[in-house]
Amino acid sequence: MLEGWRRQQSARFLRPSTMLMRLRLINRLVDFTGLYPWQWTPADGEAFIDHLRNLDEPRALSTVRGYEVAINLFLEFLLDPRYGWASACEERFGEVPQLIFHDGNSIVHRSDYEGDPRRRPLTYDEIQALFDAADARPSKIVRRGVKGGLGAARDATVLKLIYAFGLRRTEASKLDLVDLRANPQMPQFGRFGSLMVRFGKSSKGAAPKRRCVLLVPEMDWIIEVLDQWLTELRPRFSPGPHPALWITERVGRLQPRSINDAFVAAKRDAGLDEHLDVHCLRHSAVTHWTEFGYPARFSQEQVGHSHASTTAIYTGVSNEFRNQMLVASLKGRLGKNWDVIR
């Protein structure tokens, strides 16, 4: 059953990591219930979810909903007459599989955002504190007389690029030197006018999405940072012909997990909220583009969202910005009477 389901998902070109996670989930449910899939009932599914909610570290709502969906996908595969598992179970065991999650016992997707509400865009002061802490790490490491100072300098550059261009960590990891592009409309930015993202987030087994991310003038400080990386720091890794923009000490490609670790280290040094993660830099970029005055459609194209509602979830403008928008609207309506009312 599991092998057949794996092949079905592989035929849809789902990622191996997705398939592995789903197969492990089914095995975990088998171990929890002590039953075969054709013996599962809704009560078994409810007991499993209740168990997850009462762990020392309970699963997030969005994670549990994903579990429910994956389990039902497996059971739908077993019930599909094109594969013959239901009839085989009935002939051999006198039982057939059934869907164990339904409208009455599963999480309904009512909200556009189901993530941790403690994850949010960083303020300008927090961004500055984070980058100051990241910039200070190389000298701290060198003073301790241990290896890693050069890698810490690289990590600081990566974090700044993620914020300046609003990238995902995997997108940043997979950048190559050839992905640095000029923008003919902004020749003063040189080769850093845009980034070609070739490994954007895919969906439902599709190929990675591509997009071109433009550097906005408010983020032009990244030019000097990237130029220093290319001319002074990257050559010290002795990368040879390696195409990756971000090189490790062993002349390999920097992995997303290492980018996570770099953010956590800088965040703790800066004394920032423990619940912030590297993806919050992407949220911060969208928020700050909005506060700079760029239209929502521009931000949506920059970050590669298919739906404007997703971009809206990322946006968390400050009270000061909203007050400025309110004042501008009132001035536009009241004109010369604005000064009298004020």
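The values are calculated or read from the model by the stated rules, or taken from the named source; none is laboratory data. What you see is a predicted model; the values in this text were computed from it and never measured. Cβ coordinates were reconstructed from backbone atoms using ideal geometry, including for glycine residues, and neighbour counts include every protein chain displayed.
Only a single item in (1) in a loop (DSSP other than H, G, I, E, B); (2) in contact (Cβ under 8 Å) with a residue 12 or more places away in the chain is not met by residue 47, and it is number (1). Residue 127 falls short on exactly one of the conditions (1) under 29 Å from the mean Cα position of the chain (by Cα); (2) in a loop (DSSP other than H, G, I, E, B); (3) modelled with pLDDT of 95 or more, and that condition is (2). Restricting the stretch 161-186 to residues that are under 16 Å from the mean Cα position of the chain (by Cα) and of a type in the set (D, E, K, R), the residue that is farthest from residue 253 (Cα to Cα) is 168. Scanning the stretch 1-42 for residues that are more than 30 Å from residue 201 (Cα to Cα), out of contact with any helix residue (DSSP H, G or I) (no Cβ under 9 Å at 6 or more places or on another chain), assigned to a helix (DSSP H, G or I) and free of Cβ contacts under 8 Å to residues at least 40 places away in the same chain yields a total of 1. In this structure, residue 99 does not qualify as hydrophobic (A, V, I, L, M, F, W, C), within 27 Å of residue 307 (Cα to Cα) and not assigned by TED's automatic domain parsing to the domain that holds residue 202. Does the stretch 50-95 hold any residues that are exposed (fewer than 14 other Cβ atoms within 10 Å of the Cβ), part of a loop (DSSP other than H, G, I, E, B) and among the basic types (Lys, Arg), and which are they? Hit for the stretch 50-95 is 82, nothing else.
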